[in-house]
1. Restricting the search to the stretch B:183-197, which residues are hydrophobic (A, V, I, L, M, F, W, C) and surrounded by 17 or more Cβ atoms within 10 Å (Cβ to Cβ)?
2. Output the residues belonging to the stretch A:220-255 that are open to solvent by 90 Å² or more (accessible area, probe 1.4 Å) and of a type in the set (Lys, Arg).
3. Among the numbered conditions (1) under 15 Å from the mean Cα position of the chain (by Cα); (2) crowded, with 24+ Cβ neighbours inside 10 Å; (3) away from chain B (no Cβ under 11 Å), tell me where residue A:66 comes up short.
4. Right, residue B:179: open to solvent by 60 Å² or more (accessible area, probe 1.4 Å) and farther than 30 Å from residue B:251 by Cβ or not?
5. Scanning the stretch B:157-177 for residues that are in contact (Cβ under 8 Å) with a residue 40 or more places away in the chain and among the hydrophobic types (A, V, I, L, M, F, W, C), which turns out farthest from the other protein chains (Cβ to nearest Cβ)?
6. Here is a check on your reading of the model: is residue A:80 within 14 Å of chain B (Cβ to nearest Cβ) and among the β-branched types (Val, Ile, Thr)?
7. Residue under question is residue B:60, and the condition is that it be within 30 Å of residue A:57 (Cβ to Cβ), open to solvent by 30 Å² or more (accessible area, probe 1.4 Å) and in contact with a Leu (Cβ under 8 Å, 6 or more places away or on another chain); does it hold?
8. Which one of these does residue A:89 not meet: (1) open to solvent by less than 30 Å² (accessible area, probe 1.4 Å); (2) assigned by the TED database to the domain that holds residue A:185?
There are 2 protein chains.
Amino acid sequence: MSASDPQQAPLGVFDSGVGGLTVVRALRELLPNESIVYLGDTARVPYGSKSPDTIRRFSVEDSQFLVSHGVKAVVVACNTATAHALPVLQATFRVPVIGVIEPGVEATLADGKCERVGIIGTAGTIRSSAYQYALAMRRPGLQIHATATPLLVPFVEEGWVEHPALKLVLKQYLDPLLEKGIDTLMLGCTHYPLLMPVLQKMLGKKVHLIDSASTCAAHTKRVLEEQKLLRKGRGKPTLDIYLTDLSEQAEAMARRFLGTEFGKVKKATL
Amino acid sequence: MSASDPQQAPLGVFDSGVGGLTVVRALRELLPNESIVYLGDTARVPYGSKSPDTIRRFSVEDSQFLVSHGVKAVVVACNTATAHALPVLQATFRVPVIGVIEPGVEATLADGKCERVGIIGTAGTIRSSAYQYALAMRRPGLQIHATATPLLVPFVEEGWVEHPALKLVLKQYLDPLLEKGIDTLMLGCTHYPLLMPVLQKMLGKKVHLIDSASTCAAHTKRVLEEQKLLRKGRGKPTLDIYLTDLSEQAEAMARRFLGTEFGKVKKATL
């Protein structure tokens, strides 16, 4: 690509680890012609339990890495990073920076009948009140019930997404939300799309599930269209995956989140 | 303290997070006259899921921080860091560097009758084979069964140490070890002492539990005695806690691991 041809530049996507590959998966389904550079900060994962200052510092470093690789936009495929760092990233970088929270909020409110919304996510995401704030600003009077669910990521990473212990954990976390009569549950973490089957079984059709990966991909498509940044159909699009820590474990998990094989993962030093 | 009076210098202790405070707790019980400088690398916690190279780099940085604070010895209160980085730390620094694995192995083998040993720990610790190697070198023919138990740390950190879901998780992890007829179970992670009550209830008296915190403290005492580094009874000993990321959550957990209140936590930048 050349500086005069930003459409041909890749999309940049970063996450604290490999969970953000659920967003890459959704992006590739919706925008199959786009090249993508992905950065997973596996050396410092997770962000969800860390302080706002630290999350902001890490997120700026992650975005700098992507921008130095010539991306035309940065997708923050991490709810915790979006919650704490999106404004500073948008103020710092010239390319569009797209978060993962606003699209989920839009998708939730698109259903005019939703009245009681539950939100689950990491401790950092829930404590930031970013979801709660975005919902309340758009629709005052909406009932919002948020709860931190820190054990869900470890279960997904262990691959125990159908285990009886996971069901007990989900029950403990979700019962208080169900008692409040939620009609919508926002999955505020990029790991959670892998829990869709068990959640659908537990909650039936009475609760509408909103996942941040597919809603973020749809939003990214709109931004690229508006800014005339969609890639033209010349040459095969590429996918480059960089991780700050390489391990077999991370690569195996990456495969699970992306849902497909990929080329050699590269080591990034921030 | 002065350079000519190393006995009065504090002990340095580091861990990937606050779990290593279980070692500090054991050290304070056994060596109540020692001052301690603790470093928890909460900005990059956990180490257990990361690669050997990254763990070694982080461990050297942690030790450098402690040495620059004038410690007379470094205790590596993290099984994963001990497993991957102890030799490089001992080769790099002039002060004694004490790991958490060797003492547990010594304590296990002190029971001449043990024949079948189970080991649980993080993925990084188990994959390193450090426990398995140390046991096999000392007692060839010993039956060793090691298994990674990555969900236990998140349960301890969530504070769900009596939850039915935890019991299902423990059952899943431990049943294969029990089927092998283990007579000893080594708890190869500094978080696990908080699981002692539930483990004792599950395993009864037929399995001997070895925890790394108290065995490491006993070993540290021996090293200080041998090297004539025990602090003389002048002035009240101090405890300084540094964390690379400060959060209420980390401080609340720190209190739980240490089992007592402490002064203001300081922010460390590595």
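1. Step one: of the stretch B:183-197, the residues hydrophobic (A, V, I, L, M, F, W, C) are B:185-187, B:189, B:194-196.
Within the stretch B:183-197, B:185, B:186, B:187, B:189, B:194, B:195 meet the criteria.
2. A:222, A:228, A:232, A:234, A:236 - these are the residues of the stretch A:220-255 that are open to solvent by 90 Å² or more (accessible area, probe 1.4 Å) and of a type in the set (Lys, Arg).
3. Single failed check for residue A:66: (1).
4. Details: open to solvent by 60 Å² or more (accessible area, probe 1.4 Å): yes; farther than 30 Å from residue B:251 by Cβ: yes.
It is true that residue B:179 is open to solvent by 60 Å² or more (accessible area, probe 1.4 Å) and farther than 30 Å from residue B:251 by Cβ.
5. For the stretch B:157-177, the residue satisfying everything is B:177.
6. Values: within 14 Å of chain B (Cβ to nearest Cβ): yes; among the β-branched types (Val, Ile, Thr): yes.
Against the criterion (within 14 Å of chain B (Cβ to nearest Cβ) and among the β-branched types (Val, Ile, Thr)), residue A:80 qualifies.
7. On the way: within 30 Å of residue A:57 (Cβ to Cβ): yes; open to solvent by 30 Å² or more (accessible area, probe 1.4 Å): yes; in contact with a Leu (Cβ under 8 Å, 6 or more places away or on another chain): yes.
Criteria met by residue B:60.
8. Going through the list (1) open to solvent by less than 30 Å² (accessible area, probe 1.4 Å); (2) assigned by the TED database to the domain that holds residue A:185, residue A:89 breaks only (2).
The values are calculated or read from the model by the stated rules, or taken from the named source; none is laboratory data. Just so it is clear, the structure is predicted and the values come from calculations on it, not from any experiment. Ideal geometry is used to build each Cβ from the backbone, glycine not excepted, and the neighbour counts take in all protein chains shown. In case anyone asks, the SASA skips ligands and DNA or RNA and just uses the protein heavy atoms, side chains included. Shrake-Rupley method; radii C 1.70, N 1.55, O 1.52, S 1.80 Å.
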